[in-house]
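Just passing along the structure, written as structure tokens.
FYI, it's all coordinate maths here, none of it is from the lab. Worth saying up front: this structure is predicted, and the values here are computed from it rather than measured. Every residue, glycine as well, gets a Cβ built from its backbone with ideal geometry; the counts of neighbours run over all protein chains shown.
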Amino acid sequence: MKNNQPTLARQLTKLPWKQVPVLDQSRDRGHGREEVREVKVVSVNGLMFPHARQVVRIHRKRRRIGTSKWQTETVYAVTDLAAHQASPAEIAAWARDHWIIENTIH
């Protein structure tokens, strides 16, 4: 989900994320940096995004190796797959693969 859909973005950020546990976490090192990703997933009905069944929140922290300053970013994704069709780890992997493709193209 990109911020060019402000109403949907507001809906997603207002979901009860504080009550949702971290369902997948990963740590990677490469290209001179370290990255930690935490994934939370919540089942939904009635979003402005038709057929949405799950919303994913990926909170990323990254830093250059050898430094102490972390940069953070939170992104949201929406899927029409129900919880029994896609686990948090699978969704996180798909999101990561999507960004690899995006970065390769650009």
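Using the basic label-point model (7 angstrom from Cα toward the beta carbon), what is the residue 44 to residue 5 distance in nanometres?
0.8
How much length, in nm to one decimal, is gained on full extension between residue 64 and residue 97, taken as 0.36 nm per residue of separation minus their Cα-Cα distance?
The span from residue 64 to residue 97 would gain 9.7 nm if fully extended.
Quick one, which of [x] 45, 33, 27; [y] 33, 29, 24; [z] 32, 31, 20 is the actual Cα extents along the principal axes in Å calculated for this model?
[x]
Something else now. How long is the gain from residue 89 to residue 25 if the chain were fully straight, where each residue apart is worth 0.36 nm and the alpha carbon distance is subtracted?
Full extension from residue 89 to residue 25 adds 22.2 nm.
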